[in-house]
Amino acid sequence: MSEVAIRCEGLSKQYRLGQQESYKALRDVITNAAIAPFRSLRRSLSRNGHAIGNRQSAIDNRTLWALKDVSFAVNRGEVVGIIGRNGAGKSTLLKILSRITKPTTGHAEIHGRVGSLLEVGTGFHPELTGRENIFLNGAILGMRKAEIEKKFDEIVSFAEVEKFIDTPVKRYSSGMYVRLAFGVAVHMDPEVLVVDEVLAVGDAEFQKKCFRKMQEIGRGNRTILLVSHNMSAIRTICARTLALDRGRVVNFGPTAEVIDEYEASVAQSVPGSKSYETETFVVEEVQVVSANGPVIKTFDSVAIKLRITAKADVIEPDVYVGIQTPDGHLLSALVCRDFCAAPAMSAGQVMETEFKIESLPLLPGPYEIKMHLVDVVGYKFEIVPSTFPFEVVESSVYGGRKIDRWFGQIGLDATVSVQLEEGALAKSVR
Amino acid sequence: MTSPNTNIDGQTLSTLVIRPPSSWTSIGFRELWEYRELLYFLTWRDIKVRYKQTALGAAWAIIQPVFMMLVFSLFFGRLGKIPSDGIPYPVFTFCALLPWQLFAHALSESSNSLVGNQNLITKVYFPRLVVPISAVLGGLIDFAIAFVLLLGMMLYFGIVPGWQIITLPGFILLAIMTALGVGLWLSALNVQYRDVRYTINFLVQFWLFATPVAYPSSIIPAQWRALYGLNPMAGVVEGFRWALLGKSDSPGALLWVSVAVVVVLLVGGLYYFRRMEQRFADIV
């Protein structure tokens, strides 16, 4: 049986840069409107000249195709994984399929009731009790009241919060909160389920439970689209996988093949291009790899591997490796010489350098590696013109929710404890 | 596809088609009806949460209109000698303050509702109209509480409403529809232009003085009175006085002008909202 459950035809989504994050102030619109006549005047003037090409490219710079010409079909009862780096368009695709946002062009068809789970606990209100939040959250996810009542006990026991069901959720521990929220979500019973990286929450035991539940749903002839950075989860649950890169479908097929190819491309090497060449050296290859798998997460054990050739004899080479943000803000740097002496290189010889970082303290986001290559004896200090990009993927760094860019760049190896002081308690609570 | 799509239980599956934004969309009453339970739960949440962690709780529903009544009675009634159509001034103004509070609350809540619920809007699909509508309905509880006080005051002053009281629900509906009509426009605008937030307080204050809350509409020259109905709240307030206190004349032409204005505001608001709604998640 191969009825189609989801069919996308040429889906594209364009964002104006900045549009996603900021709203307009009326003032800006008024200013723009005031300037507009002059702008069109300037445009008509430049039409006679030759500035049109420039203008066109200025427009292109302000827009971004988060999704470009995405077409695929998913059969009923299939569980399909979606993978790709941050910004590949995974979330945009899910948002379109769950009707939160509209595509710019193209269309999609979905057969059956759609349930989407892009975030755990959407609409939970801290002041309401667990019981009240189950009903509220269920209604938000599109469940009927009768349906929620029927599944109420099942949800509560899944979440293991029986004792606290009439306590406001603001008094819940983060674990309880997440369990309850996830409990409601997995008990909605749509024909097509769209799930974003929500399996990354909770403790390991609970994650396993969620996985089992997902597999169970998948077996029930439900169609599932699952976005995850957790490759082993995708391998276990999904038969087919869709890989996205910069808004386009780069691969769609059996999970094992797609993931293998994706992993190979993530641990990518630099082609021996001109931009990785200095006067004395050529950087043949750069790799940033994690010991825990192909994607790099905060606090992973990470190795930065460089293969460098010398164009001439170098008596005392040295390598400087800096980690910076894409806007060039240097976060930290390592110099080979501080750890060990590099051997002398003769022309054409290849040197492999490996910087091992036991626990990478970078929070999720894009980073770059900049390299300086040094000939200590020859007083040559050469900057490699291009930087090498890599990415720390989003994950629940501290065991709770996913950490995003608002938390800065540096992950802290921290513990936090909260306690009420006995005496103060008596005073502040009447 | 040869066989029709059916689900596990053999029922035919609904088909959902997702397309780029279009400039004209239907209001989607059918879908709104399907989501009536969500409307109920969101309204219930707003009511439930409103007076949590307040010392006075639901008493706030009475405190505000009562203090306004006292201030108005003292300054406009006693000192300003504003006429009140032969009705004791406190009842006269309190009877108007009730629908006014209902309206003012509904207007500001609904205008801020989309921005206040942006976490929902960017994460879950549901008909967006549910949000401002539930914000408007949430004020009805406060209204009901204050209404009991009004009945007590009428008893004290020995005012017995006549048959006109049966029209009261119609005026309550008109107040809500006025708030929703304006709220739809403002909430959709607020998503894109946060200036709206700062306009609302000002708008409500201004509107209060343009509405016959502290004074009777009979002080407006008769030939201008129908025009005064362009402010739909004038129709609502006069309607309330007529339905409950019975002494002033029926609002007549003024009321019909108000109704017409509300219909235009509401229908326009619905279409504008539906049109803007397609981009809410991208710009909020």
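Quick notes on this structure:
Quick grid of which residues meet (1) at pLDDT 90 or above; (2) surrounded by fewer than 15 Cβ atoms within 10 Å (Cβ to Cβ); (3) out of contact with any strand residue (DSSP E or B) (no Cβ under 6 Å at 6 or more places or on another chain):
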site	(1), (2), (3)
B:R78	no, yes, yes
B:I82	no, no, yes
B:T93	yes, no, yes
B:E109	yes, no, yes
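- Members of region A:132-168 found to be within 12 Å of another protein chain (Cβ to nearest Cβ), of a type in the set (K, R) and part of a helix (DSSP H, G or I), listed by number: A:K145
- Filtered residues of region A:79-103 (kept if within 14 Å of chain B (Cβ to nearest Cβ), of a type outside the set (V, I, T) and under 28 Å from A:N221 (Cβ atoms)): A:S91, A:L93, A:L94, A:K95, A:L97, A:S98, A:R99, A:P103
- The set of residues in region B:4-21 being modelled with pLDDT of 75 or more and either touching a strand residue (DSSP E or B) at 6+ places or on another chain (Cβ under 9 Å) or more than 9 Å from every other protein chain (Cβ to nearest Cβ) (or both) consists of B:S14, B:T15, B:L16, B:V17, B:I18, B:R19, B:P20.
- Count of residues meeting criterion [away from chain B (no Cβ under 14 Å) and assigned to a helix (DSSP H, G or I)] in region A:218-246: 7
- Top-ranked residue in region A:290-305 [being modelled with pLDDT of 85 or more and of a type in the set (A, V, I, L, M); ranked as surrounded by the fewest Cβ atoms within 10 Å (Cβ to Cβ)]: A:A303
- For the residues A:G138, A:G130, A:G183, the requirement of being assigned by TED's automatic domain parsing to the domain that holds A:I110 and out of contact with any Ser or Thr (no Cβ under 9 Å at 6 or more places or on another chain) singles out A:G138.
- Any hit, region A:153-175, residues being under 25 Å from the mean Cα position of the chain (by Cα) and at negative phi: yes
- Entry remark, region A:104-131: residues being more than 7 Å from chain B (Cβ to nearest Cβ), under 20 Å from B:I47 (Cβ atoms) and surrounded by 20 or more Cβ atoms within 10 Å (Cβ to Cβ) number 2 in total.
- From the options A:G378, A:G423, A:G348, A:G399, residue that is at positive phi and at pLDDT below 85: A:G399
- The number of residues in region A:77-103 that are out of contact with any helix residue (DSSP H, G or I) (no Cβ under 6 Å at 6 or more places or on another chain) and of a type outside the set (D, E, K, R) comes to 13.
- For region B:183-211, the candidate set comprises residues that are among the polar types (S, T, N, Q) and part of a helix (DSSP H, G or I); within that set, the residue that is nearest to the other protein chains (Cβ to nearest Cβ) is B:Q192.
- Number of positions in region B:231-284 that are buried (at least 21 other Cβ atoms within 10 Å of the Cβ), under 17 Å from B:T211 (Cβ atoms) and touching a residue at least 60 places away in the same chain (Cβ under 8 Å): 13
The values are calculated or read from the model by the stated rules, or taken from the named source; none is laboratory data. It should be emphasised that the depicted structure is a prediction, and the values quoted were computed from it without experimental measurement. Neighbour counts run over all protein chains shown; Cβ positions are idealised from the backbone, glycine included.
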